[in-house]
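Beneath this line is the structure, given in structure tokens, with notes to follow.
The values are calculated or read from the model by the stated rules, or taken from the named source; none is laboratory data. Note that the coordinates shown come from a computational prediction; the quantities given were computed from them, not determined experimentally. All Cβ positions, even for glycine, are placed from backbone atoms using ideal geometry, and neighbour counts span all protein chains on display.
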Number of protein chains: 2
Amino acid sequence: MVKATRLPRNETGIETAIGILKQRFGERLNTSQALREQHGHTTTWIETQAPDAVIFARDTAEVSDIVKICADQKVPVIAYGTGTSLEGHVNAPAGGICIDLTEMNKVLAVHASDLDCVIQPGVTREALNVHLRDQGLFFPIDPGANASLGGMAATRASGTNAVRYGTMKDNVIALEAVMADGTVIRTAQRAKKSSAGYDLTRLLVGSEGTLGIITEITLRLQGIPEAIRAARCSFPTVDAACRAVMATIQYGIPVARIELLDEMCVKAANAYSGLTLPETPLLLVEFHGSEAGVAEQSETFGSIADDFGGSGFAATSTTEERNKLWKARHDMYWACLQLRPGAKGIATDVCVPISRLAECVSAAQAKASELGLLAPIVGHVGDGNFHCSMLIDMDIPEEVAMAETYIGWLNDLAISMDGTCTGEHGVGQGKRPYLTRELGPATRYMAAIKQALDPDNILNPGKILPD
Amino acid sequence: MVKATRLPRNETGIETAIGILKQRFGERLNTSQALREQHGHTTTWIETQAPDAVIFARDTAEVSDIVKICADQKVPVIAYGTGTSLEGHVNAPAGGICIDLTEMNKVLAVHASDLDCVIQPGVTREALNVHLRDQGLFFPIDPGANASLGGMAATRASGTNAVRYGTMKDNVIALEAVMADGTVIRTAQRAKKSSAGYDLTRLLVGSEGTLGIITEITLRLQGIPEAIRAARCSFPTVDAACRAVMATIQYGIPVARIELLDEMCVKAANAYSGLTLPETPLLLVEFHGSEAGVAEQSETFGSIADDFGGSGFAATSTTEERNKLWKARHDMYWACLQLRPGAKGIATDVCVPISRLAECVSAAQAKASELGLLAPIVGHVGDGNFHCSMLIDMDIPEEVAMAETYIGWLNDLAISMDGTCTGEHGVGQGKRPYLTRELGPATRYMAAIKQALDPDNILNPGKILPD
């Protein structure tokens, strides 16, 4: 594991806060080692930094009470959803109290006529979509993991559908949040648009629990499309695949997803998911619309793919075939692990202007090969966003160091291409050094906002901003 | 005119700043009465509060210099685009220096492959679209006026196309801005999405020049659709028209615009634009897509309209006919003025969840009629957003008072329906009292952000936040 920075602990404050919380919550204040460690657990290679106690909050008033008690004692408070973030977002480098929000999992209202719903933060995206299905509605953002929507809002998640439906920033209408002093605010009303003052909704989306704890979310919904069609197409090179993506986007085909798997991923998918795809770069595409619309989109995409040397173009509109393709895509992480049994998959993510995508992906492949790293690449390429999953033997320090070198190199490359060091994984602890490289003086104003809204730095300290 | 709050003037600071700026900018520091009044001019009924001097800045470095000089003296700085905002946004209630950005009007780069461009803030939306046309691209946001894109970003503008393409918040990728201490920051790179820290882009969009002065904008662009079709349809009642809109949106027809004109507006349009429309509520719709796509959309809309008692449905794909319809829509303000020659048109704007739209519009009509006000209504109804333009004789104090009453009543009604007191006109001076009614404690955190980023309150003071 890679060491994470530790911050000074306020021992007296933590002890006092735990005493008061014990009185208020009794047995529900949990200090067992196993539960604490699980709540500091991260799915990445950063070491676990466990909180001192965990409380499963049941409503906004409880969250507010906990924050007030911690604020009085200047004790850290870390909001926790499903723990699927990748950059150490839920670690507790100064200890403190973890508020687990998974029991706040009610869908409070679905307004079908307005295409929105109001939910508690612990609702997961899959649970929400099950709830909505009968009404012909769905929530499109899909980061892969069955994450909680509170966590997805807090980390500005996106994923495969973002090319068509945007990221969490585009799909949150309003938030209720508990601020650092325990005050409960609403950032906006339920109107679809507003120009009423500073956009606190968008400020909290992506703030990773450092400015406020999200306790209720109003989300935009979509009608389930009349027709869905998926297609796949193989390409001779990553460059050819990326050019086909650019042409598709420029042509205005409203693809719902357009995903790149590099040759190593295709090989892994064949082995893991029992597919027989040609082991060259592959695009997986999905079209949403009317029957006539998806047929037209699919046909146009087919002819664009053709122009760029695509082969084996196959479109399908049966749910089974489509699910099989997307299941293979969703299982990529597990499939890639099989390329090197026993290794850990270390994911990193960058996003560049789409015109630089082919160059960036090709350079990333070449660099990995030069360093002798196995680093298969999958990408939400319609947005210029891709992930490398390095397969690392964590017991070999040289490999770990090499992975660190590679991540640093890749982030700097993306930044040099006018891209970002984090397209959708957030900053957490892992990407903090790169944020300043990317945005320079802007980070000072981020720090000023943090200082203004959380003067004692109790909300998820040690994340996003440089020390 | 309605009185605007005056703020204390820092006479010594203003005098000193003007002296220093005179040395730096010579004749370019303009203190003529006419120019100053023009720069305090607002298109609404709020009295003009002129700045003490106006400088037409030529580049970011000049903006930074002016802000630094003013910051040293604690003197207000007001950014100015085309002055088409409606709520007193550019007034100078404490005097100070107006920076006119209209000479910073270069398109710095068009990245056709990335569907984005980088522009200076003084570029107007029409100028940008003329610049882009040859490349088959366009920028969709259209607030009516030929506003500067800096102003549109600063006020989170939207308009007729927002139902399909979103508002300025959805179409700004990154900003360069001069902060209150004169520091120049970039809020993001050019990647299409990012989860790199706090969303300063969205915080500045809609901040009305109170947190920073926008000096460069990276905008998302769209390909000009292969086909555009417009349609109109008359309805027996506002309620029927609104229900047709709801059904259209729920059905997932990706309308590019869907506009309501109430019966009074249709009457005005007939008279002003030489049309012969039935004088009942009217929907104007536009579809963007492929030839087959727009035909399908238009047909589906036609049958939905039918279900809700629509009549006289007429679709057109010739540019002339389409332009004639939209010109009538764009000329609504002038057409309405002809309903009562000599009157001033006082525009106010609210936005509610679309399920409450029919009720809200009908109540607004009934209340106007009860008060004896002529208040025709046009609406970007796909978003639940509509405008009342009261026709007021400004020489009759009772009428002015009645209009104030009406605006207060309408804003409160929208808020009570989970809507907003300002869908797209911003807050400026005019909507300040309603912001607190709408968002309560959230406004305290807006104030904390303002205090953190502009501790001396020099950037466009007296706007958005309550005193």
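Any chance the range B:399-416 includes a residue that's in a loop (DSSP other than H, G, I, E, B) and more than 7 Å from every other protein chain (Cβ to nearest Cβ)?
The answer is no, given that none of the residues of the range B:399-416 is in a loop (DSSP other than H, G, I, E, B) and more than 7 Å from every other protein chain (Cβ to nearest Cβ).
If I filter the range B:49-59 for residues that are touching a residue at least 12 places away in the same chain (Cβ under 8 Å), within 25 Å of residue B:329 (Cα to Cα) and in a loop (DSSP other than H, G, I, E, B), do I get at least one hit?
Within the range B:49-59 (the criterion being touching a residue at least 12 places away in the same chain (Cβ under 8 Å), within 25 Å of residue B:329 (Cα to Cα) and in a loop (DSSP other than H, G, I, E, B)), the answer is no, since none of the residues qualifies.
I need a count of the residues in the range A:329-339 that are more than 18 Å from the chain's Cα centre (by Cα) and farther than 10 Å from residue A:390 by Cα.
Here is the first cut: in the range A:329-339, the residues more than 18 Å from the chain's Cα centre (by Cα) are A:335-339.
From what's left, farther than 10 Å from residue A:390 by Cα: A:335, A:338-339.
Final tally of qualifying residues: 3.
Tally the residues that are in contact with a Leu (Cβ under 8 Å, 6 or more places away or on another chain) and either under 26 Å from residue B:429 (Cβ atoms) or buried (at least 24 other Cβ atoms within 10 Å of the Cβ) (or both), restricting the search to the range B:85-115.
Total satisfying the criteria: 3.
For the range B:432-449, which positions are surrounded by fewer than 23 Cβ atoms within 10 Å (Cβ to Cβ) and charged (D, E, K, R)?
Matches in the range B:432-449: B:432, B:437, B:444.
Kindly check whether there is at least one residue in the range B:15-31 that is surrounded by fewer than 19 Cβ atoms within 10 Å (Cβ to Cβ) and assigned to a loop (DSSP other than H, G, I, E, B).
yes
Here are the criteria: (1) more than 13 Å from chain A (Cβ to nearest Cβ); (2) surrounded by 23 or more Cβ atoms within 10 Å (Cβ to Cβ); (3) at pLDDT 95 or above. Tell me which single one residue B:368 does not satisfy.
Residue B:368 satisfies every listed condition except (2).
Is it the case that the range B:247-255 has a residue that's in contact with an Asp or Glu (Cβ under 8 Å, 6 or more places away or on another chain), aliphatic (A, V, I, L, M) and more than 29 Å from residue B:341 (Cβ to Cβ)?
Applying the first criterion (in contact with an Asp or Glu (Cβ under 8 Å, 6 or more places away or on another chain)) to the range B:247-255 yields B:247, B:252, B:255.
Filter once more, keeping what is aliphatic (A, V, I, L, M): B:247, B:255.
Cutting the leftovers down to more than 29 Å from residue B:341 (Cβ to Cβ) gives us B:247, B:255.
For the range B:247-255, residues in contact with an Asp or Glu (Cβ under 8 Å, 6 or more places away or on another chain), aliphatic (A, V, I, L, M) and more than 29 Å from residue B:341 (Cβ to Cβ): present.
Among B:268, B:241, B:256, which is of a type in the set (A, V, I, L, M, F, W, C) and closer than 22 Å to residue B:309 by Cα? Reasoning before the result, please.
Details: B:268 fails: closer than 22 Å to residue B:309 by Cα; B:256 fails: closer than 22 Å to residue B:309 by Cα.
Step by step, each of B:268, B:241, B:256 is checked, and only B:241 is of a type in the set (A, V, I, L, M, F, W, C) and closer than 22 Å to residue B:309 by Cα.
Residue B:153 is checked against (1) under 25 Å from residue A:168 (Cβ atoms); (2) outside any helix (DSSP H, G or I) and fails just one. What number does that condition carry?
Every condition holds for residue B:153 apart from (2).
Return the residues of the range A:129-150 that are within 26 Å of residue B:169 (Cα to Cα), aliphatic (A, V, I, L, M) and within 17 Å of the chain's Cα centre (by Cα); say none if nothing qualifies.
The answer is A:141, A:147, A:149.
For the list (1) buried (at least 18 other Cβ atoms within 10 Å of the Cβ); (2) in contact (Cβ under 8 Å) with a residue 40 or more places away in the chain, I need the number of the one condition that residue B:373 fails.
(2)
Based on this model, can you work out whether residue A:275 counts as within 23 Å of the chain's Cα centre (by Cα) and among the aliphatic types (A, V, I, L, M)?
Taking the combined requirement at face value, the residue does not satisfy it.
Each row is one residue, and each column tells you yes or no for (1) more than 11 Å from chain B (Cβ to nearest Cβ); (2) of a type in the set (A, V, I, L, M).
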position	(1), (2)
A:145	yes, yes
A:157	no, yes
A:188	no, yes
A:216	yes, no
A:230	yes, yes
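Scan the range A:230-250 and give yes if some residue there is farther than 30 Å from residue A:279 by Cβ, in contact with a helix residue (DSSP H, G or I) (Cβ under 6 Å, 6 or more places away or on another chain) and of a type outside the set (D, E, K, R), otherwise no. I'd like the intermediate steps shown before the answer.
Step one: of the range A:230-250, the residues farther than 30 Å from residue A:279 by Cβ are none.
There is no residue in the range A:230-250 that is farther than 30 Å from residue A:279 by Cβ, in contact with a helix residue (DSSP H, G or I) (Cβ under 6 Å, 6 or more places away or on another chain) and of a type outside the set (D, E, K, R).
Is at least one residue of the range A:431-442 modelled with pLDDT of 95 or more, part of a helix (DSSP H, G or I), in contact with a Phe, Trp or Tyr (Cβ under 7 Å, 6 or more places away or on another chain) and within 12 Å of chain B (Cβ to nearest Cβ)?
No, there is no match, as no residue in the range A:431-442 is modelled with pLDDT of 95 or more, part of a helix (DSSP H, G or I), in contact with a Phe, Trp or Tyr (Cβ under 7 Å, 6 or more places away or on another chain) and within 12 Å of chain B (Cβ to nearest Cβ).
Filter the range B:208-253 down to the residues that are assigned to a loop (DSSP other than H, G, I, E, B), hydrophobic (A, V, I, L, M, F, W, C) and crowded, with 20+ Cβ neighbours inside 10 Å and list them by number.
Let us first name the residues in the range B:208-253 that are assigned to a loop (DSSP other than H, G, I, E, B), namely B:208-211, B:221, B:224-226, B:235-237, B:252-253.
Restricting the remaining residues to those that are hydrophobic (A, V, I, L, M, F, W, C) gives B:211, B:221, B:224, B:235, B:253.
Scanning the range B:208-253 gives B:211, B:221, B:235, B:253.
Can you confirm whether the range A:200-207 contains a residue that is more than 13 Å from chain B (Cβ to nearest Cβ), of a type outside the set (A, V, I, L, M) and not in a loop (DSSP other than H, G, I, E, B)?
Within the range A:200-207 (the criterion being more than 13 Å from chain B (Cβ to nearest Cβ), of a type outside the set (A, V, I, L, M) and not in a loop (DSSP other than H, G, I, E, B)), the answer is no, since none of the residues qualifies.
Check A:182, A:159 and return the single one that is within 10 Å of the chain's Cα centre (by Cα) and either on the phi > 0 side of the Ramachandran plot or charged (D, E, K, R) (or both). Steps first, please.
Values: A:182 fails: within 10 Å of the chain's Cα centre (by Cα).
Unique residue meeting the criteria: A:159.
Report the residue count in the range A:177-195 for those that are part of a strand (DSSP E or B) and not basic (Lys, Arg).
Within the range A:177-195, residues that are part of a strand (DSSP E or B) and not basic (Lys, Arg) number 4.
Would you check which residues across the range B:451-466 are more than 8 Å from chain A (Cβ to nearest Cβ) and within 26 Å of residue B:182 (Cβ to Cβ) and list them?
B:454, B:455, B:456, B:457, B:458, B:459, B:460, B:461, B:462, B:463
Mind listing whichever residues of the range A:66-90 are of a type in the set (S, T, N, Q) and either assigned to a loop (DSSP other than H, G, I, E, B) or in contact with a Phe, Trp or Tyr (Cβ under 9 Å, 6 or more places away or on another chain) (or both)?
Once the filter is applied, which keeps residues that are of a type in the set (S, T, N, Q) and either assigned to a loop (DSSP other than H, G, I, E, B) or in contact with a Phe, Trp or Tyr (Cβ under 9 Å, 6 or more places away or on another chain) (or both), the range A:66-90 yields A:82, A:84, A:85.
Output the residues belonging to the range A:160-172 that are more than 7 Å from chain B (Cβ to nearest Cβ), crowded, with 23+ Cβ neighbours inside 10 Å and farther than 27 Å from residue A:92 by Cβ.
A:160, A:161, A:163, A:171 - these are the residues of the range A:160-172 that are more than 7 Å from chain B (Cβ to nearest Cβ), crowded, with 23+ Cβ neighbours inside 10 Å and farther than 27 Å from residue A:92 by Cβ.
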